[in-house]
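Worksheet: one structure, shown below.
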Amino acid sequence: MRVQIYAFCVIFLLLESMSLYTMIGAMSGTSIDGLDLALCEIESQPNDQYSYKILKAKTFEYPDDILELLKTSKTLPATQLFELDKLLGKHYATSINFFVNDANIRRGSIDSIASHGHTIFHQPDKGYTVQIGCGATIAKETGIPVINDFRQNDIIAGGQGAPLVPLGDQLLFQNRAQGFLNIGGFTNISIPGKETIAFDICPGNLPLNNIAQELGFEYDNNGELARSGELDNQVLEKLNTLDFYHQKAPKSLGTEWLDEIFSPLLNEIHDPKNRLHTCINHITDQIARVCQFNQIEKLFVTGGGAFNSFLIEQLQQRGIEVIIPSEEEVNFKEALIFAFLGVRFLEGKHNCLASVTGASTNVRGGTLHQPV
C-alpha cells in the first residue's frame, strides 16, 4: 500500500511540474515573403525538457501597399516609419484574427502571441536593433497577450541580439543532427554543445530573390535559374574573401552589410543567371567552410533555401549529409521557435544564450503587452 501511495505521489508531482502552453508564433523574415503563423502546443517538463506539436500553420502574404513600404522602410522618414509600425501591427492582428477564427480555437485558451516583428535596422555594434509591428496594437486588436522585442535586452547586455533560434535548436531538436542550418534571408547555423554557438554565415535568399525578381520571378523555383547560369570565378573569389567571413563568432549580418559590401561585388556580374549561379556557389562554399572547421558532417536544414534543389545539391557535392525535415517544419520552424521563446519568457527563464550572442550573461528577452 505504501509503495502504491509513493508511486501515486511521484506521478502527481511529475504532472504538477509539467505545464502545457498554447502559443502563436509569428515570424516575418528579411526576405519579406510573408507573415508565418504557427499555433503550437508546447509542453514544459522538468530539467528544461520540452516537447511540441504544431497544430496549425499558415503564411499570410503582405498586401502590395505594405510590401512596397517594407521594401523602402530603411529610407522612410522617422514619422512614416512609426506609422508603418502601427500599420504593420494592425495587419498582423488582422491575419492572426483570421488564423484563430479559422482554427476554431477559443482566444482565452491562447497563452500568448510571440511576435518577432519585421527587422528594419540591426546595428548591435552601435547598440540598437529595430523590429516593427507594434505589439501593443496586436494585443489590443486580437485580445491576446503579446510578447515582442526579443532582441533588445541582449544588445543592452553587450550581445549581438542574434541569432535567437539556437536555444530552440538545442532544446527542441538537439538529437537530430550535429548542426542546424537555416537558409532564410540570411544563412545562419547553430551548433549545440556544452556551450551552444551560433552565428550568421552569409547571405541567403535575400540576394537570390532580388536577382530572380529582375528576371520577372518572385523567387528562383528549385534553383533552376541558377542552375542554367555560369560561374564567375573572379567574383566568387572576391566574395569568399570578405572580411566578415574571417571574423570570430558571435557575429551577425544585416541588410546594411548586404547593400554596402556584398551586393556591389556580386553586381559586377551583369548576367542575372550567372549572378545567381555564382551566389549559390558562394553560399555553399561558406556553409562547407564552417562545417569543415566545426567537424559537422550532418546538417538539419530549414528555411526557404531547403527547397532550392540546386543549392542542396551543391552542399551534398561538398560532402555534407543534408537532413530536410517535414515541409511544415521547414516552413514554420522559426515561428515555432519564437512560440517556444515566448514560453521561456512566461516561465521567467532566459531565452537568449550569451555563448551565442556574446552578451555578458544569458538574458530573458521580450516585452509583454496585455490587451487593453
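Any read-out appearing in this document is the output of simple, stated calculations on the displayed coordinates, not a laboratory observation. It should be emphasised that the depicted structure is a prediction, and the values quoted were computed from it without experimental measurement. Using ideal geometry, Cβ is built from the backbone for each residue, glycine included, and neighbour counts are taken over all protein chains shown.
General remarks:
- Restricting the range 37-142 to trypsin sites (Lys or Arg not before Pro) that sit in a DSSP loop and have at most 11 other Cβ atoms within 10 Å of their own Cβ leaves 106.
- Each stretch of four or more DSSP H residues adds -39500 (n - 2.57); spread over every residue of the chain, this sum gives -12000 deg cm²/dmol at 222 nm.
- Applied to the range 86-100, the Karplus parametrisation 6.51 cos²θ - 1.76 cosθ + 1.60 on θ = phi - 60° returns per-residue 3J(HN,Hα) values of 6, 4, 5, x, 5, 5, 4, 4, 4, 5, 5, 4, 4, 4, 5 Hz, with x for Gly and Pro.
- The range 205-271: GluC sites (Glu not before Pro) in DSSP loop, at most 14 other beta carbons within 10 Å: 218, 230, 268
- Within the straight-line cut-off of under 24 Å between alpha carbons, the lysines reachable from residue 74 are 86, 90, 126, 251, sequence neighbours fewer than 8 places apart in one chain being disregarded.
- Structural descriptor for the range 17-159: relative contact order 24 percent, calculated from alpha carbon pairs under 8 angstrom and at least 6 residues apart.
- Partners for residue 58 among lysines (Cα-Cα distance below 17 Å; same-chain residues under 8 apart left out): 333
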